[in-house]
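K.L.:
Got a structure for you, questions after.
The values are calculated or read from the model by the stated rules, or taken from the named source; none is laboratory data. None of the values given here were measured: they were computed from a predicted structure. Glycine also receives a Cβ, built like all others from the backbone with ideal geometry; neighbour counts cover every protein chain displayed. Ligands, DNA and RNA are excluded from the accessible area calculation, which covers all protein heavy atoms including side chains. Shrake-Rupley method; radii C 1.70, N 1.55, O 1.52, S 1.80 Å.
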Amino acid sequence: MGVDPVDRGFCEQRAQPVLGITMNRPLRVGLVGAGMVSQYHVAGWRECPDAQLVAIADPDLSKAKARAVLVPGAHVFETLGEMISVCDLDAIDIVTPPATHAELIAEAQAAGLHVICQKPLAPNAAEAAAIVENQSLHLRAMVHENWRWRHPYRALKSALEAGEINRPKQFEFRVESSGLLPDHTGQLPALVRQPFFADMPQLLVFELLVHHLDTLTFLFGDLEIAKARLSYRCDAVRGEDRAVVDLVAGGISGRLIGDFCVTDAPQMPRDRLFLDSGDQPVVDGWSITLPDTGAHAWDPVSAYEVSYAETIRHFRDNVKTGERFDTEFKDALVLQTIVGHIYQLSEHNWAIPL
């Protein structure tokens with residue numbers, strides 16, 4: 001099954017692969033994957049000037065159709081191959097599980113399409129390295145990493161670059177949630193929202209803290225991991241529910257702590273970034289407090305959507321201009337290598353009390 005027959009007239013049959021983009025029209029994009037997080041990608045493309053979401057593909061055609069309802073004129077397919085054979089596209093947005101990324105990226109680039117792909121790039125660093133090795137030199141490719149586009153971190157980065165605050169000597173980055181503790185109904189909120197968490201052998205660092213590792217790179221510089229300790233307390237998930245990582249970011253010593261079993265934390269993860277010896281976080285969720293400008297907060301719902309939209313806009317802009325992406329595939333490989341190193345270190349430190 002593929003695009004409904006009534007829709008075929010709206011898509012152009014492409015005889016030759018598109019090796020570049022046409023500058024006198026919007027960037028035409030196909031979305032692959034219609035799971036939970038794809039709703040933010042769809043919203044981001046709808047808000048992106050000079051871009052058009054043309055089609056959506058998912059093996060569950062009903063999911064693709066549900067997303068396409070939000071995009072007038074978008075067409076639905078079960079596979080990327082069907083989408084490519086029917087629609088005239090410039091780029092593909094991949095929003096599927098990591099194990100599917102390599103094949104989809106290769107298929108898209110063989111068809112001459114630029115690629116933006118959800119993090120993580122692959123299930124492990126070895127597979128990510130293979131993707132980077134086989135990447136087309138003539139097409140653009142970027143990993144969708146939206147955390148660094150969140151308002152508080154952009155504001156903090158700007159303040160650091162402008163000298164409005166001093167570069168810290170140390171930091172503590174805490175990410176806390178009660179998502180793996182039973183709620184009033186007895187359910188685990190994190191698994192209600194994202195059921196696939198239950199079967200992931202590597203959970204907190206691989207799925208969530210990779211965002212924070214990238215954010216620390218964005219704010220301070222390259223990372224070096226010194227020590228890692230993981231905890232497995234929730235029987236409903238295979239992977240770790242707490243992680244403590246001692247590291248250096250751009251020469252600044254710090255600690256990254258993630259915990260999904262914090263009683264007084266919100267169900268959705270809350271970030272708190274402490275600088276130097278301050279007992280109040282500079283970044284607290286969707287708010288930031290700076291010495292000169294004071295506190296500023298953003299609405300969590302709209303700001304979360306904006307972070308996706310800004311990531312997508314960055315991709316659109318740099319495909320058009322040819323400038324470097326903030327998060328190239330090779331940058332994602334560096335992060336995945338670091339994530340793998342954290343799990344390796346934790347095997348030696350599993351008995352150290354947290």
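K.L.:
Through the Karplus equation 6.51 cos²θ - 1.76 cosθ + 1.60, θ set to phi - 60°, convert the phi angles of segment 127-141 into ³J(HN,Hα) values in whole Hz; use x for Gly and Pro.
P.N.:
6, 5, 4, 5, 5, 5, 5, 8, 5, 5, 7, 9, 10, 8, 9
K.L.:
I've got another one for you. What percentages make up the Cα-Cα pair-distance distribution of segment 128-284 when the bins are 10 Å wide from 0?
P.N.:
Whole-percent P(r) values from 0 Å outward: 10, 35, 32, 19, 4, 0.
K.L.:
OK, next. For segment 141-194, take the alpha-carbon Rg, divide it by the Kirkwood Rh, and send me Rg/Rh. Don't skip to the answer; put the middle values down first.
P.N.:
Working: Rg = 17.4 Å, Rh = 14.7 Å.
Ratio of gyration radius to Kirkwood radius: 1.18.
K.L.:
Please sort 301-309, 94-102, 29-37 by packing, taking for each peptide the average over its residues of neighbouring beta carbons within 10 angstrom, highest first.
P.N.:
Numbers: 301-309: 16.6, 94-102: 18.4, 29-37: 21.9.
The packing order, highest mean first, is 29-37, 94-102, 301-309.
K.L.:
How high is the relative contact order of the chain, in percent, counting Cα pairs under 8 Å that sit 6 or more residues apart?
P.N.:
With pairs under 8 Å counted, the relative contact order is 19 percent.
K.L.:
Quick one: compute the contact order of segment 253-307, relative version, from alpha carbon pairs under 8 angstrom and 6+ residues apart, as a percent.
P.N.:
On the way: 41 pairs, mean separation 9.7, N = 55.
After rounding, I find 18 percent.
K.L.:
Quick check: convex hull over the Cα atoms of segment 105-163, volume per residue in Å³, rounded to an integer?
P.N.:
Details: hull volume 7.1 nm³, N = 59.
Per residue, the Cα convex hull of segment 105-163 comes to 120 Å³.
K.L.:
Here is a further query. Using the per-residue mean of other Cβ atoms lying within 10 Å as a proxy for protection, in what order, highest first, do the peptides 171-178, 293-300 fall? Don't skip to the answer; put the middle values down first.
P.N.:
Values: 171-178: 21.0, 293-300: 12.4.
Descending mean neighbour count gives 171-178, 293-300.
K.L.:
Where the convex hull is taken over the Cα atoms of the chain, what is its projected area averaged over directions, in nm²? Intermediate results must be reported in sequence, preceding the final value.
P.N.:
On the way: hull surface 75.1 nm².
So the mean shadow area of the Cα hull is 18.8 nm².
K.L.:
Quick check: net charge around His211, other residues with Cβ under 11 Å of its Cβ, Lys/Arg +1 and Asp/Glu -1? Don't jump to the answer; show the numbers that get you there.
P.N.:
Numbers: positive: Lys119, Arg148, Arg150; negative: Glu145, Glu207, Asp214, Asp271.
Overall, the nearby charge balance is -1.
K.L.:
Over the chain, what is the percentage of antiparallel beta bridges among all DSSP beta bridges, to the nearest 5?
P.N.:
Values: 31 of 59 bridges.
Approximately 55 percent, going by the DSSP bridge assignments.
K.L.:
Tell me, how many Å apart are the Cα centres for segment 119-158 and for segment 58-75?
P.N.:
With segment 119-158 and segment 58-75 each reduced to a Cα centre, they are spaced 26 Å.
K.L.:
Still on this model: Roughly speaking, what is the stretch gain from Ile165 to Val192, that is 0.36 nm per residue apart minus the C-alpha to C-alpha distance, in nm to one decimal? Working shown, then result.
P.N.:
On the way: separation 27, 0.36 × 27 = 9.72 nm, distance 4.04 nm.
Additional length available on full extension: 5.7 nm.
K.L.:
Okay, next question. Quick one: 3J(HN,Hα) in Hz for segment 285-293, Karplus 6.51/-1.76/1.60 with θ = phi - 60°, rounded, Gly and Pro as x.
P.N.:
Going residue by residue, I get x, 9, 10, 9, 10, 10, x, 8, 9 Hz, with x marking Gly and Pro.
K.L.:
Give me the net charge for the shell around Phe274: Cβ to Cβ below 14 angstrom, other residues only, Lys and Arg +1, Asp and Glu -1.
P.N.:
Values: positive: Lys169, Arg174, Arg255, Arg270, Arg272; negative: Glu172, Glu176, Asp271, Asp276, Asp279, Asp284.
Overall, the nearby charge balance is -1.
K.L.:
I've got another one for you. Quantify, in whole percent, the carbon and sulfur part of the accessible surface of segment 104-145 (1.4 Å probe; protein heavy atoms only). Write out the running numbers ahead of the final one.
P.N.:
Numbers: 880 of 1510 Å².
Exposed carbon and sulfur together represent 58 percent of the surface.
K.L.:
Follow-up. Kindly provide the helix-only [θ] at 222 nm of the chain, computed as the sum of -39,500 (n - 2.57) over DSSP H runs of four or more divided by all residues, to the nearest 500 deg cm²/dmol? Could the numbers behind the result be given before it?
P.N.:
On the way: 10 runs with 113 residues, N = 354.
Value at 222 nm, helices only: -9500 deg cm²/dmol.
K.L.:
Using the heavy atoms of the protein chains and a 1.4 angstrom probe, tell me the accessible area per residue for the chain in square angstrom. Mind dumping the intermediate values first?
P.N.:
Details: 15970 Å² over 354 residues.
Here the per-residue accessible area is 45 Å².
K.L.:
Could you tell me what % of all Cα pairs in segment 252-352 have separations over 19 Å?
P.N.:
I get 67 percent for the Cα pairs in segment 252-352 exceeding 19 Å.
K.L.:
Counting only pairs 8 or more residues apart or on different chains, how many lysine pairs in the chain have their Cα atoms under 22 Å apart?
P.N.:
On the way: Lys63/Lys119; Lys119/Lys157; Lys119/Lys330; Lys157/Lys169; Lys169/Lys227; Lys320/Lys330.
Final tally of qualifying lysine pairs is 6.
K.L.:
If you don't mind, another one. Calculate what fraction, in whole %, of the accessible area of segment 164-307 sits on carbon and sulfur atoms when a 1.4 Å probe is rolled over the protein chains. Working shown, then result.
P.N.:
Numbers: 3260 of 6700 Å².
Taking all protein chains in place, segment 164-307 shows 49 percent carbon and sulfur surface.
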